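Read through the structure below, which is laid out as structure tokens, and then see the notes.
Bear in mind these aren't lab numbers, they're just calculated from the coordinates by the rules spelled out. Because the structure is predicted, anything quoted here is derived from the model rather than measured. Note that each Cβ is placed from the backbone with ideal geometry, even for glycine, and that neighbours are counted across all protein chains shown.
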Amino acid sequence: MVFVTQSFQEIKSLIDELGLFFTIKLIIRYLSLRILNTILKLFRINVYSKIKFPMTNYEVVVKFKDFYWKKLQKGLWEIDCIKILLNNVKENQIIMDVGAWIGPYTLLLSNLVGKSGKVFTFEPDPIAFQELYENIKINDMRNVIAETMGLSNYSGKASLLLNRGGGTSGSSLIRTNPDIKFKEEIIKLTTIDQYCTDNNFLPDGIIIDVEGAEGLVIEGSRKILSKHSLWVLMEFHGGFMSEEERINNWYKIVENAKKVTFIDGNSKHHSYGQTLTELPNCINFHLFIQY
């Protein structure tokens with residue numbers, strides 16, 4: 001059920017973005033790659049591909065992963081978010097990547113901050129983390145610290161709902177749909193405030209993609225946000241939330257923000273670069289926040 005729901009959403013998004021013909025070609029390629037990936041796993045063969053980030057000459061080697069890396073290379077995956085990072089991340093900076101998945105932003109950030117910068121990357125899903133770690137290791141990224149833990153509004157432990165349908169990872173701390181039975185895994189939690197205090201640093205920017213728990217992560221970073229001006233690039237996940245829950249999550253996020261900018265999303269009333277003064281009329285979208 002989870003696979004069907006998530007796959008349908010992905011297919012609909014692809015059709016809207018590329019058209020029916022190109023979507024069918026991508027689906028056929030996706031299924032072929034999935035079969036090949038299964039065969040390679042059976043024989044414990046690791047296959048790596050070289051991909052280049054759009055708008056850059058930066059190449060990395062990544063573990064074989066369906067068509068997502070190729071989609072990124074062709075500029076069909078969160079291209080406006082990549083543009084934001086290219087414009088805002090500088091050498092020697094410290095950036096946090098919260099909800100890193102298999103590492104598309106982590107790998108880019110490692111290059112942008114340079115040898116003297118640092119990237120702290122967090123992924124609580126153990127399967128996604130393993131691939132993230134392998135991608136970091138194969139590229140010898142010594143300026144990246146990878147943590148297999150979640151970030152929220154308290155330190156301790158929590159149950160992570162595992163949602164890996166359709167080849168992606170939508171695992172979350174938030175029970176978005178009580179009618180779907182997810183597998184669960186107990187994970188370690190901390191807050192941004194606590195982690196930065198324990199490791200004695202202040203970030204220059206934070207990327208947050210945590211499947212509906214964005215407000216909790218922001219709550220756990222109040223001390224830093226009140227004392228230190230930084231930016232946050234965030235995906236707002238409103239799927240399966242009630243209108244009241246979306247509004248409450250929104251106000252947690254934008255409280256004390258100096259400026260909130262719309263990046264992308266399926267909205268008829270908002271476009272890239274527009275300053276936001278209210279919750280956009282779309283379920284999922286990216287925003288850039290300056291605190």
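Once amide H atoms are placed 1.01 Å from N in the peptide plane, what residues at a sequence separation of 5 or more from Lys188, or on another chain, have their amide H within under 5 Å of its amide H?
Gly150
Taking square-rooted eigenvalues a ≥ b ≥ c of the alpha carbon gyration tensor, is the stretch 117-167 rounded, prolate or oblate, where a/c under 1.5 means rounded and, failing that, a/b exceeding b/c means prolate?
oblate
Between Lys74 and Lys268, what is the label-to-label distance in nm when each label sits 7 Å out along the Cα-to-Cβ direction?
It works out to 2.9 nm between the two label points.
Counting other Cβ atoms within 10 Å of each Cβ, which GluC sites (Glu not before Pro) in the stretch 233-290 have at most 15 and sit in a DSSP loop?
Glu255, Glu278
Using amide H atoms built in the peptide plane, which far-off residues or other-chain residues are under 5 Å from Val210 H to H?
The answer is Glu235.
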